[in-house]
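Reviewing the structure listed below.
The values are calculated or read from the model by the stated rules, or taken from the named source; none is laboratory data. All figures in this text were calculated on a predicted structure; none of them were measured in a lab. All Cβ positions, glycine included, derive from the backbone under ideal geometry; neighbour counts span all protein chains shown.
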Amino acid sequence: MIRFLTVVLIICAFVAGPILAQPTLKSVALPDQTNGRLEHILRRGALIVGVKTDYPPWGMLDAQGRIIGLEPDLARALADRMGVDLELVAVTASNRLSRVNQGVVDVVIATMGDTVTRRGQAGLLEPSYYSSGVVAYGPIDRNYQSWEELRGLPVCMTQGSYYNRTLEETYGVDGKYFPANREAKMALSFGRCVGWAFDDTALVQRVLANPETNYSVMEDRILVTPWAIGVAIGERDAPLGRFVSDMIGEWHATGYLLALERKWNIGESAYLQALNAAWSQTGPEGTPSYCNMRQGALPPDCLGAPPFPPVAETGAPPPWVADLEDATGVDLTVFYDAYSRGRLIRGLGLTLTLSAVAIIGALVVGLGLGVMDASLRGRGLWARMLLLPQKALVTLARMTPPILQMYIVFFGLGGVLSQSSLITPGAFTTAALILSLYAGSTNAVLIAHALEQERRLNPEKGVWTLLPGAFQRAFDGLVAACVNIVKAAGMASAIALAELVSTVNLIVSEGGDVSTFMNGLLVFYFLLVLGVLWLFRRARRWVVGTGP
């Protein structure tokens with residue numbers, strides 16, 4: 001029996017020896033002083049983390065609607081180490097930084113590229129935890145091999161991506177911006193773009209999960225950038241930022257990130273392998289000796305790739321701009337960047353033009369359909385038959401959301417027309433048409449009812465003679481419907497029309513001052529609505545000869 005136990009112990013020693021010989025890596029613990037956001041998290045008993053839901057397998061929804069993926073797993077690891085519950089909140093590329101700075105989430109782990117510009121907007125933490133480059137995904141029959149071949153061509157992009165401006169300015173593509181990946185992919189599928197610019201890591205996974213024989217990933221990989229976890233702008237060097245940074249270092253040292261790659265069938269990346277090799281180097285008794293965040297600056301190979309460089313400024317603002325910001329908080333520096341200024345001018349022009357065209361269209365549609373209803377009502381079976389399509393159009397346009405109508409026309413009908421080589425309605429035409437029909441159908445009902453009331457008072461008069469009185473009677477409703485068009489113009493961004501609201505969102509996501517632009521939008525739309533009201537009052541004077 002003694003011999004048997006001895007043999008067992010010897011075998012165990014041989015087996016366990018290599019394992020025990022591995023250095024013991026020190027686990028990150030919560031700091032003794034937990035002030036700031038970290039203290040708030042611990043008192044609340046829950047960590048709120050912003051993650052993606054449209055970027056499988058880093059962040060996605062399962063069949064039960066739960067958020068899962070590699071990045072939610074990292075969030076869970078943070079919450080478990082803190083000893084608190086975890087709450088995941090879906091964020092997008094365009095709102096993730098604002099969410100963390102506003103305190104909606106405590107930490108953001110959302111495939112966020114580490115850029116010099118973003119480091120000025122939020123507390124981006126080192127070391128990085130992943131990396132990606134930019135490639136294009138497009139129809140295989142077009143066979144684009146390089147970004148130079150895409151110069152001047154329409155390319156689908158997702159709002160808020162760090163590389164958008166560089167692709168336009170440096171590589172000369174014609175960017176078509178969509179609010180989320182889903183819309184960008186739909187636009188590509190329906191022929192609205194020749195390619196979709198996206199992170200190579202996600203595209204490769206998308207292609208593996210859902211192979212499409214008619215599409216391929218371009219091999220020309222550019223703008224390689226590390227990914228960073230973010231906290232609020234003042235929390236980077238506070239206890240929360242230091243704790244999360246140390247956790248990232250531990251994940252590299254222990255190979256946890258490599259294990260998550262294997263778990264989610266991504267395949268071990270050379271980037272994480274290099275960081276694991278750097279962070280797993282230890283000193284005597286397993287203490288970290290090489291990559292140690294809290295003992296000075298990290299060596300380059302402990303950080304990963306450098307952050308994406310800032311875009312060169314094209315104009316320096318005069319001193320009074322800085323004085324104005326110090327005195328009022330209004331930051332106008334972005335207006336001295338030619339690229340952003342050009343975007344704003346185009347967005348402003350598109351918004352004003354779309355509003356004007358849609359208002360005129362709504363009045364024309366309302367007048368035509370309303371007069372048709374008043375003229376044919378009560379004239380027998382043939383008149384009722386003629387009114388059926390009119391009523392169907394008015395009901396459909398009024399009772400379905402305009403955003404849904406835009407999707408159907410732009411992606412559905414427009415895609416079919418594009419693929420059949422027929423005329424393809426553009427984003428502006430689609431938005432103007434839908435907004436005109438949406439408000440015009442309401443105007444048709446208002447005018448028809450007003451004409452009916454006028455006819456009861458003056459049964460001997462014709463429809464056209466009754467119009468001035470009907471316009472006066474329906475005036476307030478017509479104004480309200482047309483004002484709603486102005487307020488709904490921002491919906492056009494869903495079909496890649498760069499109107500003012502989406503343009504401002506793009507600029508804010510790239511570093512523009514949030515309060516300046518949001519307050520500026522508020523003032524702009526207030527003045528625009530006042531202008532519309534003034535024009536309608538002038539129109540009432542011209543039509544009926546009276547009014548204030």
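Output yes when any residue across the stretch 390-402 is under 24 Å from the mean Cα position of the chain (by Cα) and modelled with pLDDT under 80, and no when none is.
No, every residue in the stretch 390-402 fails to be under 24 Å from the mean Cα position of the chain (by Cα) and modelled with pLDDT under 80.
I'm checking my understanding of the structure. Among residues of the stretch 161-201 that are among the acidic types (Asp, Glu) and surrounded by fewer than 22 Cβ atoms within 10 Å (Cβ to Cβ), which one is farthest from residue 495 (Cα to Cα)? Spell out how you get there, then give the answer.
Our first condition is that a residue be among the acidic types (Asp, Glu); within the stretch 161-201, this holds for 168-169, 174, 183, 199-200.
If we keep only those that are surrounded by fewer than 22 Cβ atoms within 10 Å (Cβ to Cβ) as well, we get 168-169, 174, 200.
Working: 168: 19, 169: 22, 174: 15, 200: 24 Å.
This residue is 200.
Can you go through 167, 223 and tell me which one is under 22 Å from the mean Cα position of the chain (by Cα), part of a strand (DSSP E or B) and touching a residue at least 12 places away in the same chain (Cβ under 8 Å)? Can you show your working first?
Values: 167 fails: part of a strand (DSSP E or B).
None of the other options fit; the residue is 223.
Return yes or no: is residue 465 closer than 30 Å to residue 192 by Cα and part of a helix (DSSP H, G or I)?
Spelling it out, it is not the case that residue 465 is closer than 30 Å to residue 192 by Cα and part of a helix (DSSP H, G or I).
Go through (1) within 18 Å of residue 304 (Cβ to Cβ); (2) surrounded by fewer than 23 Cβ atoms within 10 Å (Cβ to Cβ) one by one and return the number of the condition residue 228 breaks.
Condition (2) is where residue 228 drops out.
Select from the stretch 523-547 the residues that are among the β-branched types (Val, Ile, Thr) and over 24 Å from residue 500 (Cβ atoms) and write down the one among them that is modelled with the highest pLDDT. Explain how you work it out, then say what you get.
Kept after step one, since they are among the β-branched types (Val, Ile, Thr), are these residues of the stretch 523-547: 523, 529, 532, 543-544, 546.
Next, only the ones that are over 24 Å from residue 500 (Cβ atoms) stay: 543-544, 546.
On the way: 543: 67, 544: 62, 546: 52.
Out of the qualifying residues, it is 543.
Which members of the stretch 136-173 meet the condition of being within 22 Å of residue 412 (Cα to Cα) and of a type in the set (Asp, Glu)?
Hit for the stretch 136-173 is 141, nothing else.
Say whether the condition of being under 20 Å from residue 69 (Cα atoms) and touching a Leu at 6+ places or on another chain (Cβ under 9 Å) is met by at least one residue in the stretch 113-126. Write out each step before concluding.
Just the residues of the stretch 113-126 that are under 20 Å from residue 69 (Cα atoms), to begin with: 113.
Within this subset, residues satisfying the condition of being touching a Leu at 6+ places or on another chain (Cβ under 9 Å) are 113.
Yes, because at least one residue in the stretch 113-126 is under 20 Å from residue 69 (Cα atoms) and touching a Leu at 6+ places or on another chain (Cβ under 9 Å).
Scan the stretch 141-160 for residues that are surrounded by fewer than 22 Cβ atoms within 10 Å (Cβ to Cβ) and either not aliphatic (A, V, I, L, M) or not in a loop (DSSP other than H, G, I, E, B) (or both) and report the count. Talk me through it step by step, then tell me what you get.
From the stretch 141-160, those surrounded by fewer than 22 Cβ atoms within 10 Å (Cβ to Cβ) are 141-146, 148-149, 151-154; that's our starting set.
Adding the requirement that they be either not aliphatic (A, V, I, L, M) or not in a loop (DSSP other than H, G, I, E, B) (or both) leaves 141-146, 148-149, 151-152, 154.
Residues flagged as surrounded by fewer than 22 Cβ atoms within 10 Å (Cβ to Cβ) and either not aliphatic (A, V, I, L, M) or not in a loop (DSSP other than H, G, I, E, B) (or both) within the stretch 141-160 amount to 11.
Name the residue that is farthest from the chain's Cα centre (by Cα), counting only residues in the stretch 353-386 that are closer than 19 Å to residue 398 by Cα and among the small types (Gly, Ala, Ser).
374
If you go through the stretch 189-200 one residue at a time, do you hit one that is among the acidic types (Asp, Glu) and either more than 28 Å from residue 268 (Cα to Cα) or modelled with pLDDT of 90 or more (or both)? Even if it seems obvious, please write down each step before you answer.
Pass one, the stretch 189-200, residues among the acidic types (Asp, Glu): 199-200.
Then keep just the ones that are either more than 28 Å from residue 268 (Cα to Cα) or modelled with pLDDT of 90 or more (or both); that gives none.
No - not one qualifying residue is present in the stretch 189-200.
Could you say which residue among 519, 484, 505 is at pLDDT 85 or above, more than 24 Å from residue 360 (Cβ to Cβ), in the same structural domain as residue 345 (by TED's automatic domain parsing) and assigned to a helix (DSSP H, G or I)?
Numbers: 484 fails: more than 24 Å from residue 360 (Cβ to Cβ); 505 fails: at pLDDT 85 or above.
Going through 519, 484, 505 in turn, just one is at pLDDT 85 or above, more than 24 Å from residue 360 (Cβ to Cβ), in the same structural domain as residue 345 (by TED's automatic domain parsing) and assigned to a helix (DSSP H, G or I): 519.
Check residue 461 against each of (1) in contact with a Gly (Cβ under 7 Å, 6 or more places away or on another chain); (2) more than 18 Å from residue 369 (Cα to Cα) and name the one condition it does not meet.
(1)
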